[in-house]
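Remarks on the structure that follows.
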Amino acid sequence: MKKINVFLIVTSVLFSFSMQLLAQDGGRSRGGRKFDREDFFSKRNAFIEAAVELTAEEVAVFIPMDNDLMQKKFELGRECNRIERELRDKKDKTDDECNRLLKCREELKEKRSQLDREYQEKFKKVLSAEKMLKYERADRDFYESYFRDR
């Protein structure tokens, strides 16, 4: 009888421990997969390089500038993302808190717009107008396909 009790206790402990491990998502979010920034950038860069038909010289100059733009946009959005996460988890949101997020988003749009204008001038020094249009289209197409597949 004692052996059965010990066996049941050990089995229960092991089972509950394994269930806890399975329940954890390992830092993954939405859809069970963690966002891999390096994978994203490498796929995006390859997609843009092919879609825009960039030369080796253009790739060497344009891709690092484009990655820099993306990184700056990401950093600009951090504060709004933090506020949004706080509000998402909060049950009783005040109007002031919601307005703070709306204001942050509005300012973010303005800052990103300014950044886009600044980098468009830099890009024009490397790419022709036709390739700039191809780039804009390729960028939209990549985002649609990448996030649809996720």
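Assorted remarks:
- Qualifying residue in segment 64-75 (condition: closer than 30 Å to GLU130 by Cβ, surrounded by 10 or more Cβ atoms within 10 Å (Cβ to Cβ), of a type in the set (Lys, Arg) and modelled with pLDDT of 90 or more): yes
- A single member of ARG100, ARG112, ARG44, ARG137 is touching an Asp or Glu at 6+ places or on another chain (Cβ under 9 Å), in contact (Cβ under 8 Å) with a residue 12 or more places away in the chain and of a type in the set (Lys, Arg), and it is ARG44.
- With respect to the stated conditions, GLU144 fails to be surrounded by fewer than 13 Cβ atoms within 10 Å (Cβ to Cβ), out of contact with any Asp or Glu (no Cβ under 7 Å at 6 or more places or on another chain) and either at pLDDT 95 or above or not in a helix (DSSP H, G or I) (or both).
- Looking across segment 91-101, the residues that are of a type outside the set (Ser, Thr, Tyr) and either surrounded by 13 or more Cβ atoms within 10 Å (Cβ to Cβ) or not in a helix (DSSP H, G or I) (or both) come down to LYS91, ASP92, LYS93, GLU97, ARG100, LEU101.
- Scanning segment 47-68 for residues that are aliphatic (A, V, I, L, M), in contact (Cβ under 8 Å) with a residue 24 or more places away in the chain and part of a helix (DSSP H, G or I) turns up ILE48, ALA51, VAL52, VAL61, MET65.
- Within segment 111-141, the set of residues being among the aliphatic types (A, V, I, L, M) and outside any helix (DSSP H, G or I) comprises VAL126, LEU127.
- From the options GLU49, GLU118, GLU53, residue that is of a type outside the set (S, T, N, Q), on the phi > 0 side of the Ramachandran plot and out of contact with any Phe, Trp or Tyr (no Cβ under 7 Å at 6 or more places or on another chain): GLU53
- Among the residues listed as GLU136, GLU97, GLU121, the single one being within 22 Å of ALA56 (Cα to Cα) and more than 20 Å from the chain's Cα centre (by Cα): GLU121
The values are calculated or read from the model by the stated rules, or taken from the named source; none is laboratory data. Keep in mind that this is a model prediction, so the values were computed, not measured. For neighbour counting, all protein chains shown are included, and Cβ atoms are generated from backbone atoms with ideal geometry for every residue, glycine included.
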